[in-house]
Amino acid sequence: MFSTPRLFNKRRYLLAVFIVVLAILDPFGLASSSDKASAQWLNRMLSSSYPGVGQQHVAVVLIDDKYLMRNGTSWPMPYGEQSKLFKRLLAYKPQAVFADLLYSHDHSLGDPTRGSQLLANVFERYQRQGIPLWLVNTGQTRGEEGQANTLTPFTQVSRPALVKWEGVDDQYPLAVHTQVGLMETPALALYRVFCATQHCDAPPVDAEAAAQRQPIAVQWGLKLSPDQARIADIADAKPPRHFLLDAVMQFFQAVFWKLNDPAQQIYPYTLTLTASDLEVTNPDDQALIAELLRGRLVLVGARIESTGDLVDSPVHGQLPGVYLHAMALDNLITKGMDYTHEFADFPYLPLNWLDVLELTLLTLIAVLKALHARQVAGHGPWSPLRRLEKTLFTSPYPSWLLVMAMLIAASVVLSVNNIAPVNVMGIILLSLVLFSERIEAFFDRDTEQTAV
């Protein structure tokens, strides 16, 4: 009597358990790298269709080398020079300001005319005029084991915004427990100000509630703010195209990234002004700056060649770190509390529901591969089940299309529910194992002909 053989023997099951353990523990970081690459690829693909809601409310002011040279000053900027800069910004009446600058060391060298109190006095004016001001905070106890944090004169005239955290790589938390207590990040702090005057999803009631929420899986936008051309020469920027054309272009740039033109200029999504723009004296230019900054949420950062405060944007490459805060804020303004995020891990386990979904898809690929191999080998007696296997598994294409259909369906469901996508690239690559016999047959064809 013939019997249909089992799909997997005991050794195959042991191998499967071993692979699952490796996938969960990720000892070589391969799964994490594949996940990151997949997320960045999808981020680039969707960047052209990202809505421009937040561009109307957020602006970045950059201190750059050109500004330093123009004013004959150095970096870090003397407090007197910084006080002039923040006075000019205050005159344009922003809604709120976050300065992505860490005031951890007094570099006035004991000179009262250059002392930190000059800048602290300007920051106090923000308080008096009702414009909230946040300064960088590391969440560490200043002076303890050499740790740096904001100087006391500045903490007295500003609010702290956490910019340093661990355990959430490539994500942006709303609030984090630190050495100095529970602290919110700049994006949430500024979003609270936005919600005070605009209709929006109510933010978490307090920092404790914010800390319980999943971090933001930041989505980056591609298209420039319509106001950018009014303030900067962007003649070399590519004109806007249909989002499908942009998506195709982003696809090829992501796949063939080594062939991309490194000199190609991709401007940041957020409306950007330089510190030099605040120095204009022409009344018409001043009116334009006032129009662009009045009532906006402004983030002040730096793009100095000698500093290393850079973040990797999947769309723009390396950008000054202030743009990460600006983009996270934009995500909140655009999506509210329905921002894109990942599943939380199971209690006491280093995996979540997204990991389970990926393992399920991989299991499906393994089962389909085994069914296809059994059909090719022709094992077992003829029966209705064998007839069904012959129909479905003689060719690998139906199995591959089934996997792709399930992958697309899962990605759509996750997207609708604002969940970070499954590892699309990894699963697509692994699904090609369904074609292994045909690939081997193709490369062995000349050998077989020679043997004949």
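Annotations
- In this label model, Thr197 and Ala229 are separated by 2.8 nm, measuring between points 7 Å along each Cα→Cβ vector.
- On the beta carbon distance between Ala373 and Gln212, with R0 = 51 Å, the FRET formula returns roughly 0.60.
- A full extension of the chain between Thr281 and Arg294 corresponds to an added length of 3.0 nm, given 0.36 nm per residue minus the alpha carbon distance.
- Modelled spin-label separation between Asp26 and Glu145, with each label point placed 7 Å from Cα along the Cα-to-Cβ direction: 2.5 nm.
- For Lys93 and Val433, the FRET efficiency from 1/(1 + (r/R0)^6), where r spans their Cβ atoms and R0 equals 51 Å, is about 0.25.
- Amide H contacts under 5 Å for Ala302, placed H, 5+ residues apart: Ile63, Val322
- Peptides 413-419, 367-373 ranked from most to least packed give 367-373, 413-419, packing being the mean of other C-beta atoms within 10 angstrom over each peptide's residues.
- Highest to lowest packing among 48-54, 228-234, 315-321, scored as the average C-beta count within 10 Å: 315-321, 48-54, 228-234
- Segment 52-338, relative contact order [Cα under 8 Å, separation at least 6], %: 32 percent
- With R₀ fixed at 25 Å, the C-beta to C-beta distance from Phe346 to Ser33 puts the FRET efficiency at about 0.65.
- Pairs of Cα atoms nearer than 8 Å and 6+ residues apart set the relative contact order; for segment 73-163 it is 31 percent.
- In order along segment 340-354, the phi-based Karplus estimate (6.51 cos²θ - 1.76 cosθ + 1.60, θ = phi - 60°) of 3J(HN,Hα) comes to 5, 8, 9, 5, 6, 5, 5, x, 6, 10, x, 8, 9, 5, 5 Hz; Gly and Pro are listed as x.
- Database remark: amide H of Ile131 closer than 5 angstrom to no amide H (H placed geometrically; neighbours at sequence offset of 5 or more, or on other chains; Pro and chain starts carry no H).
- Greater than 32 Å apart at Cα, pairs in Lys87/Lys164; Lys93/Lys164; Lys36/Lys66; Lys84/Lys335; Lys164/Lys335: Lys36/Lys66; Lys84/Lys335
- Sequentially through segment 60-70, phi angles give Karplus couplings (6.51, -1.76, 1.60; θ = phi - 60°) of 10, 10, 9, 8, 10, 4, 4, 5, 4, 5, 4 Hz, Gly and Pro residues having no value and appearing as x.
- One chain, two ends: Arg125 and Glu305. Fully extended at 0.36 nm per residue, the span grows by 61.7 nm beyond their Cα-Cα distance.
- Cut-off under 5 Å, modelled amide H: who pairs with Leu273 long-range: Val60, Val61, Leu62
- Note on Asp100, Asp330, Asp284: ascending count of other Cβ atoms within 10 Å places them as Asp284, Asp100, Asp330, the fewest first.
- Residue-by-residue Karplus 3J(HN,Hα) for segment 177-190, coefficients 6.51, -1.76, 1.60, Hz, glycine and proline x: 6, 10, 4, 9, x, 6, 9, 8, 8, x, 4, 5, 4, 6
All of the numbers you see were taken from the coordinates with simple rules; none came from a lab. Computed from a predicted model, the values in this text were never measured in an experiment. Note: ideal-geometry Cβ built from the backbone for every residue, glycine included; neighbour counts use all protein chains shown.
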